[in-house]
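Okay, so here's the structure we're looking at.
The values are calculated or read from the model by the stated rules, or taken from the named source; none is laboratory data. No experiment lies behind these values; they were computed from the predicted model shown. For the accessible areas, the whole protein counts, side chains as well, though only heavy atoms, and no ligand, DNA or RNA atoms are used. Shrake-Rupley method; radii C 1.70, N 1.55, O 1.52, S 1.80 Å.
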Amino acid sequence: MNPTHNGLDYLANGFRLLGKRGLKRFVIIPLTINILLFVGFFLTAKHFFAKLNIWLVHNLPAWLHWIDSLLWITFFIGFMLVFAYGFVVMANVVCAPFNSFLAEKVETYLTGKTAVQRTLIENVKDVPRMLARQLSLIGYYLPRALVLLVFFFIPVIQLFAAVLWFGFNAWFITLQYLDYPTDNHKIPLSQIHVWTWQHRMLSFTFGIGVLVITLIPGLNFFIIPAAVAGATKMWVEQENATE
């Protein structure tokens, strides 16, 4: 294995892995769920953005009218980022059992070794724990995300809010996808936090790629299984490189 230091390379490899023999069948269920969730989430988010836009037009202070266009662009970027991450969070919770199984199969494909030997019944019994771990990630994320969202409504600071939001979500989304291969080995979340910080450039570039592709029609349907596969490859190669 030749580990890279560019998260975008791992994400690209994740897309390639989806077409590999023996892995394609594990993508069908999460892909179908992604499509259904995306359509529903997009219609809901579009409705709320229209409401937000009306609020902005009617409540913007007179002394800030001169930057009305700039603020609208800022809100639009913020909306797109909220939409992108909101969709990913929801889909990851619903698809958690399938994503963990996909990560297991990708690791087996890459290493030639069975990552975890579990029966179907054991996998089913493990679903509540997988969902609880995903919910704990959301519990970590939400209070920090709410603080950043407040920045969108503070004059001057709101001009930088989209950048802060993008950077935070790029890092956190990598943490979320690394959870699948690491959870298969029962590695605690605290250790993954440390890992993403130690590999912060790798984590940021991977997360940025995921967020950007989430906004691209067509490709966004495949982004979750591709990100699971890419994060698994990233974890396996980087860990082997340090041994």
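Just a few scattered comments:
- Global geometry of the stretch 182-242, whether rounded, prolate or oblate, following the gyration tensor of its Cα atoms and the 1.5 cut on a/c: prolate
- Per residue, the solvent-accessible area of the stretch 164-243 (1.4 Å probe, heavy atoms of protein chains only, all protein chains present) comes to 35 Å².
- Straight-distance crosslink candidates among lysines, where the alpha carbon sits under 18 Å from Lys186 and sequence neighbours closer than 8 are dropped: Lys105, Lys113, Lys125, Lys233
- With all protein chains modelled, accessible area of Lys51 [1.4 Å, Å²]: 120
- Solvent-accessible surface ranking, highest first, for Arg200, Arg133, Arg16 at 1.4 angstrom: Arg16, Arg200, Arg133
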